[in-house]
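The values are calculated or read from the model by the stated rules, or taken from the named source; none is laboratory data. A quick note: this is a predicted structure, and the numbers were derived from the prediction, not measured. All Cβ positions, even for glycine, are placed from backbone atoms using ideal geometry, and neighbour counts span all protein chains on display.
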Amino acid sequence: MIIEPRMRGFICLTAHPDGAAQNVKNQIEYVKSKGAINGPKRVLVIGASTGFGLASRITAAYGSGASTIGVYFEKEPKEGKTASPGWYNTAAFEKQAIADGLYAKSINGDAFSNEVKQQTIDLIKADWGQVDLIIYSLASPVRTNPKTGVTHRSTLKPIGGTFSDKTVDFHTGIVSEVSIEPANEEEIENTIAVMGGEDWEMWIDDLKAAGALAEGATTVAYSYIGPKVTEAVYRKGTIGRAKDHLEATAFTITDKLADLKGKAYVSVNKALVTQASSAIPVIPLYISFLYKTMKEMGIHEGCIEQIQRLFNERLYTGGDVLVDEKGRIRIDDWEMRDDVQAKVAELWKTADTETLPATGDLAGYKHDFLNLFGFDVAGVDYQAEANEMVEIPGLQKA
Ligand SMILES: NC(=O)c1ccc[n+]([C@@H]2O[C@H](COP(=O)([O-])OP(=O)(O)OC[C@H]3O[C@@H](n4cnc5c(N)ncnc54)[C@H](O)[C@@H]3O)[C@@H](O)[C@H]2O)c1
């Protein structure tokens, strides 16, 4: 079938298998071009199909020759109906990895559930015995706690007062004022339950109880801080509370891993266009100024550049892992540079619909957004027939 982007709100309902494959190929080539990393050999990535998780899987496989197991929640294709993008990304990655002699298997299901945890542990035990690195990169609006059966939904709201500022609809380029009412206690708690550290800790507890963690096992989860302009709605809002919880959980897990000489880290990453971030108010406008500024300064990075740097210059240098005063790894260091932030703050003041195409990188934002779904990728013929019925070679049966 001929596959075109079909937009609805913040999401695209279709995905292009060949575009996704080209994206994965580009990421693999990037990691290979940066040379070998003396990293882990058996890597589990939870949230492995898109964004930072996919970049982590590719970096582990092609940077340090790791065997990888990916866990994700993606929609499979049906005749005449495309799969979700992470399905095609995973298919392309596993096809290439297996062809290159790398172990690559995956599980498609709800990572928050006991069943998916057990299936993953069984696979690790059967094929590897133990795992060296666990990347935790889930981004989800909903989680059912397997112990209580309660389903929690996250919200993106400020805490303590109404938030009003500019935002952009990146499809139309229209800049407008957005006002978001503050969250109540229940909404805060629910957001922490979805995006905080509870599930990460459950994964590590279960892996440890099964004897599936190698001596010196490391686990890394991803967080975000960001600038003043997004603070009220992000870091000091409901999602920020969840990230505080996630960051605190790193210390709890590190204590639990002491007998294995293991360690849990949170890595604070740069703001990037992903399916998760495009749904957060104000962030797309910030990203369009950030991209513009960082590209002009020659320091722009995407997910793959970020994670290659995380592995190569933070986690696997052969020396101590560099962390900030709160024990967090910072690969948002370039985003948070004073000169970058000063420029973004200056551009922010001028933001309106007329000037944004020139002052912000709206085109770059749109391009990256389409890219998430395999569209607008250089070298792909979108007029050609594409096969939507792609299989994932390493996919395990439920
Ligand atoms: N995008 C950013 O700007 C940014 C910046 C810093 C940190 N982060 C953090 O990085 C992490 C990953 O975010 P992303 O932006 O790469 O998101 P993403 O939407 O690209 O990826 C989310 C992944 O989680 C998987 N997933 C979601 N729900 C699942 C479930 N129930 N079971 C199994 N898999 C599930 C998806 O399949 C996908 O692989 C998040 O913690 C996010 O807060 C993102």
**Prompt:** Here are some residues: A97, A36, A83, A91. Which one is more than 16 Å from the ligand (Cβ to nearest atom), among the small types (G, A, S) and closer than 28 Å to E385 by Cα?
**Reply:** A97
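Identify, from the list I180, I134, I98, the residue that is closer than 21 Å to A221 by Cα and among the hydrophobic types (A, V, I, L, M, F, W, C).
Of the residues listed, the single one that is closer than 21 Å to A221 by Cα and among the hydrophobic types (A, V, I, L, M, F, W, C) is I134.
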**Request:** Mind listing just one residue for me: the one in segment 96-120 that is hydroxyl-bearing (S, T, Y) and in contact with a helix residue (DSSP H, G or I) (Cβ under 9 Å, 6 or more places away or on another chain) and, of those, surrounded by the most Cβ atoms within 10 Å (Cβ to Cβ)?
**Result:** T120
**Asked** Restricting attention to segment 254-272, does a residue exist that is more than 10 Å from the ligand (Cβ to nearest atom), in a helix (DSSP H, G or I), modelled with pLDDT of 95 or more and within 14 Å of L133 (Cα to Cα)?
**Response** yes
**Prompt:** If you go through segment 300-334, how many residues are within 13 Å of the ligand (Cβ to nearest atom), over 15 Å from the mean Cα position of the chain (by Cα) and among the aliphatic types (A, V, I, L, M)?
**Reply:** 1
**Request:** Take segment 39-51 and flag every residue that is within 13 Å of the ligand (Cβ to nearest atom) and either part of a loop (DSSP other than H, G, I, E, B) or farther than 17 Å from F373 by Cβ (or both).
**Result:** L44, V45, I46, G47, A48, S49, T50
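Hey, among A363, A351, A345, which residue is closer than 30 Å to I225 by Cβ, in contact with a strand residue (DSSP E or B) (Cβ under 7 Å, 6 or more places away or on another chain), more than 16 Å from the ligand (Cβ to nearest atom) and among the aliphatic types (A, V, I, L, M)?
A351
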**Prompt:** How many residues are closer than 16 Å to G197 by Cα and away from the ligand (no atom under 16 Å from the Cβ) if we restrict to segment 125-136?
**Reply:** 0
**Message:** Please list, ordered by residue number, the strands (runs of 3 or more DSSP E) wholly in segment 150-214 having 1 or more residues that are under 30 Å from G360 (Cα atoms) and touching a helix residue (DSSP H, G or I) at 6+ places or on another chain (Cβ under 7 Å).
**Reply:** 163-169, 174-180
**Prompt:** Can you name every residue in segment 5-33 that is part of a loop (DSSP other than H, G, I, E, B) and out of contact with any Gly (no Cβ under 7 Å at 6 or more places or on another chain)?
**Reply:** P5, R6, G9, F10, L13, T14
**Prompt:** Is it true that Y88 is over 15 Å from the mean Cα position of the chain (by Cα), under 23 Å from I307 (Cα atoms) and either modelled with pLDDT under 95 or surrounded by fewer than 24 Cβ atoms within 10 Å (Cβ to Cβ) (or both)?
**Reply:** no
**Message:** For A242, only one of the following conditions fails: (1) among the small types (G, A, S); (2) surrounded by fewer than 24 Cβ atoms within 10 Å (Cβ to Cβ); (3) within 30 Å of P357 (Cα to Cα). What is its number?
**Reply:** (3)
**Request:** Pick out the one residue from F93, F73 that is of a type in the set (F, W, Y) and surrounded by fewer than 24 Cβ atoms within 10 Å (Cβ to Cβ).
**Result:** F73
**Asked** Can you spot a residue in segment 137-145 that is within 15 Å of the ligand (Cβ to nearest atom), over 20 Å from E74 (Cβ atoms) and surrounded by fewer than 18 Cβ atoms within 10 Å (Cβ to Cβ)?
**Response** yes
